[in-house]
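Reading through the structure tokens given below for one structure.
The values are calculated or read from the model by the stated rules, or taken from the named source; none is laboratory data. Bear in mind that the values here come from a model prediction, so they are computed numbers and not experimental data. Because the Cβ atoms are built from the backbone with ideal geometry, glycine has one as well, and the counts that use them run over all protein chains shown.
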């Protein structure tokens, strides 16, 4: 496919028995690492050339195919053709055929380095849709927000201000607040910030959950189905094994760190008697070499945490 403001389309096809439901996970991958965007090496980069995508696709009974979309990002560098992969995994209701990988080849549309496409109003607005909403823009939205910028004519101060306002509007939009920012708030509420970081989750956690939460959702389109979709997906996501596993691991780690900070403060005899691994949602004592010390300070730590 050619580099430009569009999405790569990859079709997942099911053969054989299709009477039941089936599902599969997919994720993009590349070998560019942390290379600069102007490096010529044949490897596309999720930092420069396409949106890292990780989602779950499901087929209903009788369904035989689904199309995967991966937004391509146009840059100003002449890099030659570059590729990335889309890998399938965790199939249920079907077996994966080897190799379960598709190679996406993006052909460069520049012979020499040129101007940055993001300086154009349309490209700038499209990037807001891709970055905040993880989808291609609807035609009405693209026209509206592009006009916000082009209405300034050639007055650069006005253009700069409008670009800031347009980007802020995407952040404050209902669609982002109830997809990407909802994921952020949910992680924050579930287990606080990461150790030594001011945020509750990593980009590799944020992107797939946000993309899955907002899949097929467009505010103002579909006769009010937006809230139903978000509410339904929120429930499925919170109950998912990935979120539950991460939540249990982080809560345990957070609780143990809190307990260790209290180790020097003894608890009362009654607090020591009432404390058990089960009451604290901790592993059995044999997995906690310091359980005696944990139990001794449990009552004080509980008061500290509350």
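Miscellaneous remarks
- Out of 245, 232, sole residue that is surrounded by fewer than 16 Cβ atoms within 10 Å (Cβ to Cβ), modelled with pLDDT under 55 and over 23 Å from residue 46 (Cβ atoms): 232
- In the range 170-192, the residues that are assigned to a loop (DSSP other than H, G, I, E, B) and surrounded by 14 or more Cβ atoms within 10 Å (Cβ to Cβ): 173, 178, 179
- Sub-8 Å Cβ pairs linking a first residue in the range 206-221 that is within 12 Å of residue 138 (Cα to Cα) to a second residue that is surrounded by fewer than 17 Cβ atoms within 10 Å (Cβ to Cβ) and modelled with pLDDT of 80 or more, at least 6 apart or interchain, are 218/138; 219/174; 221/138, ordered by first then second residue.
- Of residues in the range 193-218 being part of a helix (DSSP H, G or I) and in contact with a helix residue (DSSP H, G or I) (Cβ under 8 Å, 6 or more places away or on another chain), the one surrounded by the fewest Cβ atoms within 10 Å (Cβ to Cβ): 206
- Whichever residue in the range 67-98 is assigned to a loop (DSSP other than H, G, I, E, B) and touching a helix residue (DSSP H, G or I) at 6+ places or on another chain (Cβ under 8 Å) and, among such residues, is surrounded by the most Cβ atoms within 10 Å (Cβ to Cβ): 73
- For the range 99-117, the set of residues classified as under 19 Å from residue 79 (Cβ atoms) and surrounded by fewer than 17 Cβ atoms within 10 Å (Cβ to Cβ) consists of 103, 105, 107, 109, 110, 111, 112, 113, 114, 115, 116, listed by residue number.
- Matching residues, the range 99-157, being in contact with a helix residue (DSSP H, G or I) (Cβ under 9 Å, 6 or more places away or on another chain), assigned to a loop (DSSP other than H, G, I, E, B) and closer than 30 Å to residue 87 by Cα: 134, 135, 136, 137, 138
- The residues of the range 56-71 that are within 19 Å of the chain's Cα centre (by Cα) and over 14 Å from residue 9 (Cβ atoms), listed by number, are 56, 58.
- For the range 118-130, filtered to residues that are surrounded by fewer than 20 Cβ atoms within 10 Å (Cβ to Cβ) and touching a residue at least 60 places away in the same chain (Cβ under 8 Å), the residue that is farthest from the chain's Cα centre (by Cα) is 122.
- Each residue in the range 138-158 was checked for being modelled with pLDDT of 95 or more and buried (at least 19 other Cβ atoms within 10 Å of the Cβ), and 3 of them qualify.
- One residue from 63, 20, 33, 41 being touching a residue at least 60 places away in the same chain (Cβ under 8 Å), part of a loop (DSSP other than H, G, I, E, B) and exposed (fewer than 15 other Cβ atoms within 10 Å of the Cβ): 20
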